[in-house]
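Inspection log for the structure reproduced underneath, given as C-alpha cells.
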Amino acid sequence: LCSFLGLLYQEYRDKSTREEIETRRLQDSQTDPEESSPSEETPSEAEPTSTIENKAPPQINLLRNSNSRFNLWQDLPEVQSSGVLSILQPDEIKLQEAMFELVTSEASYYKSLNLLVSHFMENERLKKILHQSEAHILFSNVLDVMAVSERFLLDLEQRVEENIVISDVCDIVYQHTVNHFSVYITYVSNQTYQERAYKQLLQDKPAFREVISQLELDPKCKGLSFSSFLILPFQRITRLKLLVQNILKKVEEKSDRESTALDAHKELETVVKACNEGVRKMSRTEQMISIQKKLEFKIKSVPIISHSRWLLKQGELQQMNGPKTSRTLRTKKLFREIYLFLFNDLLVICRQIPGDKYQVFDSAPRGLLRVEELEDQGQSLANVFILRLLENADDREASYMLKASSQSEMKRWMISLAPNRRTKFVSFTSRLVDCPQIQCVHPYVAQQPDELSLELADVLNILDKTDDGWIFGERLHDQERGWFPSSMGEEILNPKIRAQNLKECFRVHKSDDSQRRKLGSRNRQ
C-alpha cells in the first residue's frame, strides 16, 4: 500500500503533544480559558499544511490518496466548499476536529507499522541473519496488529466518507476494541522478551547490528530508530484512549455520543490495563525470584514469592541506636545501616551481609505500618522519621527511628510505607478540590518502582513536593501515582484551567462511579 500521509507516527505524535503543551501554556497565561480560539483549543496531530490542493479529490481517502496532508477537518476542501462551517456551532466544529484527529492519527500509525514490516521485518538480509525463533520474539504478532489497524482504518475512513460532517467514530472504536484489540495485549506482553532479545542480538551478532544501522539510515525512516518502530503498538493503544477522552470532553452531556464515547473509553482502558499488567508480570516474577535468593532469615522464614506480590521500593536507611548513657553515645555510632524491601503487602527489614546477601531480622504486613516525621532537631536528626510496626515478626509492636539521605528520600519512603497518609497538598481521603497541577514538558522514564514514567503533555495533580526537586503526583487520565523530578514539568497556575482539567477528568470517568469516588484517594503504587 502506498504512502498517504507526510508524517510517520513517531513524528505525528510528537507534533501533537508539543502543540498540546503550547495550547495549555497559552490558556494558562489567560485569565479566562474560554478566550482561546477553536484552533488553539483543538490541537491536531497532523502535519501543518503549507498548501491546500487546488482540486478537491472526489473522496476523502486517507489510505490511498497520497496527496492527503491535511491538518484539520475544517481544512478539507470538501468541508470548505460545502458551507457547513458557517452553519455548525463552534463546539460541534471542535468535536469534528477531535474525531478527525483520531482517524488521521490512525492513518499515520498504519504507515509506520507498514514500514516496520516491509522495511525491517521482510528485509532479505535480516531474514538470513535471524533464526526463526529470534525473529518471532523480535517482531511478535506485528502482522496481526497491522491487519487490525488496517481494518480499523478502513472502517473509520468509510465513516468519514459517508458524510463530510462525521456522525461518530467512538462506536467503531468500541466494536474494534471489543472484537480485535486483544492483539495489542499479546504484542505488548512480549515487550520484556523483545527488549532483551534486541539487546542480545546487537551484542552477539555484528551482522545484525550492521544491517539494522543501514536500514535506519534509509531516508524512509526519517532518522528514527528501529526500536522506536517496535514500541509503536504500546504507544498507540495508550494514545487512542487519550484521543477518545478528547472526544468525550467535547460531546454534549447525556447524549448518545457521550454514551458511546464512555463505552469505547471503558473498553480501551481495560485493554491498556491488560497491556500494562502483561509487561509488569514477567519482570516482577523474575525480580521476586532474584530477591528471594538474596535473603537469609534470622527470624521465622517468610515465603517471599507470591503471584500477587511485587516490589514497591528497596534501599538503605540509617537506623538510630538508642544510647542509654553518654559513654555509649561517645563509643558507639549513633546510626547503623539497615536495608528495607517493601512489597505491596509486606515489609522486610534486613542488614546487608557479605556476598550480596541480606539477613532478615524483622517483618510486618504493609497494612500494619505507621510513619511519623520528626520535627527538625538539628543536623544529626535531619530527614529522620519514626517507623512503627503495629505487629512485627514476634507479634508485638516495634518502632524504628530511621534517617534518610535526603528530604525527598525520606518523603518517598514515608509515602510508600504508609500510602494513605495525608500529604502536603491534599488528604488522600478527601476529594481533590483545587490542589496544584503540573503538565509534563519533558518525557521521563521511571528509574525506581515508586517513580512514575511521564509522557509529553501529561497533566498531574501535585500531591506532595520536596525542597530538593521531586514531586509526588497523580496523573489525571489514569490516576497512576508516583514520584518524578520537578524539572520535567511546568506548574499550571491558572485556577480556572486547573478546575477545568479536574471537571473533564471526572466526566471521563463518570461511567465508573466507584472509580470516581476513589479519585484522589486511591493508591496505585
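The values are calculated or read from the model by the stated rules, or taken from the named source; none is laboratory data. Note that the structure is predicted; figures quoted are calculated from it, not measured. So basically every Cβ, Gly included, is an ideal-geometry build from the backbone, and we count neighbours across all protein chains shown. Quick note on the areas: whole protein, heavy atoms, side chains included, nothing else; ligands and nucleic acids left out. Shrake-Rupley method; radii C 1.70, N 1.55, O 1.52, S 1.80 Å.
Of everything in the range 165-179 that's outside any helix (DSSP H, G or I) and open to solvent by less than 50 Å² (accessible area, probe 1.4 Å), which residue is nearest to HIS265 (Cα to Cα)? Checked the range 165-179; the qualifying residue nearest to HIS265 (Cα to Cα) is VAL169.
The single condition among (1) over 31 Å from the mean Cα position of the chain (by Cα); (2) closer than 30 Å to ALA446 by Cα; (3) modelled with pLDDT of 95 or more; (4) not hydroxyl-bearing (Ser, Thr, Tyr) that PHE343 does not meet is (1).
Counting only residues that are among the charged types (D, E, K, R) and free of Cβ contacts under 8 Å to residues at least 60 places away in the same chain, which one in the range 196-233 is surrounded by the most Cβ atoms within 10 Å (Cβ to Cβ)? Walk me through it before giving the result.
Restricting attention to the range 196-233, the residues satisfying the condition of being among the charged types (D, E, K, R) are 196, 199, 204-205, 209-210, 216, 218, 220, 222.
With the extra rule that they be free of Cβ contacts under 8 Å to residues at least 60 places away in the same chain, the set shrinks to 196, 199, 204, 209-210, 216.
Values: ARG196: 12, LYS199: 11, ASP204: 9, ARG209: 14, GLU210: 12, GLU216: 18.
Out of the qualifying residues, it is GLU216.
Restricting the range 458-488 to residues that are of a type in the set (Asp, Glu) and in a strand (DSSP E or B), which is nearest to ALA446 (Cα to Cα)? The qualifying residue nearest to ALA446 (Cα to Cα) is GLU474.
When LYS281, LYS241, LYS273, LYS254 are checked against the criterion of being within 17 Å of ARG475 (Cα to Cα) and open to solvent by 40 Å² or more (accessible area, probe 1.4 Å), LYS273 stands alone in meeting it. State all residues of the range 78-91 that are open to solvent by 40 Å² or more (accessible area, probe 1.4 Å) and in a helix (DSSP H, G or I); if no residue qualifies, say none. Answer for the range 78-91, where residues must be open to solvent by 40 Å² or more (accessible area, probe 1.4 Å) and in a helix (DSSP H, G or I): GLN80, SER81, SER82, LEU85, SER86, PRO90, ASP91.
Checked against (1) among the acidic types (Asp, Glu); (2) within 25 Å of the chain's Cα centre (by Cα); (3) over 27 Å from GLN158 (Cβ atoms), GLU122 meets all criteria but (2). Does ASP218 fit the bill of being of a type in the set (Asp, Glu), at pLDDT 95 or above and within 30 Å of LEU130 (Cβ to Cβ)? Here the answer is yes, as ASP218 does meet what is asked. Within the range 255-278, no residue that is at positive phi sits with its Cβ atom under 7 Å from a residue that is surrounded by fewer than 18 Cβ atoms within 10 Å (Cβ to Cβ) and β-branched (Val, Ile, Thr) at 6+ positions apart or across chains. If I ask for residues that are modelled with pLDDT of 95 or more and not in a helix (DSSP H, G or I), which ones from the range 141-164 would you list? Selection gives ASN141 alone. Residue count for the range 76-125 satisfying the condition of being farther than 23 Å from GLN235 by Cβ and of a type in the set (D, E, K, R): 6. Run GLY482 past the list (1) in contact (Cβ under 8 Å) with a residue 60 or more places away in the chain; (2) closer than 29 Å to ASN383 by Cα and report the number of the one that doesn't hold. Against the list (1) in contact (Cβ under 8 Å) with a residue 60 or more places away in the chain; (2) closer than 29 Å to ASN383 by Cα, GLY482 comes up short only on (1).
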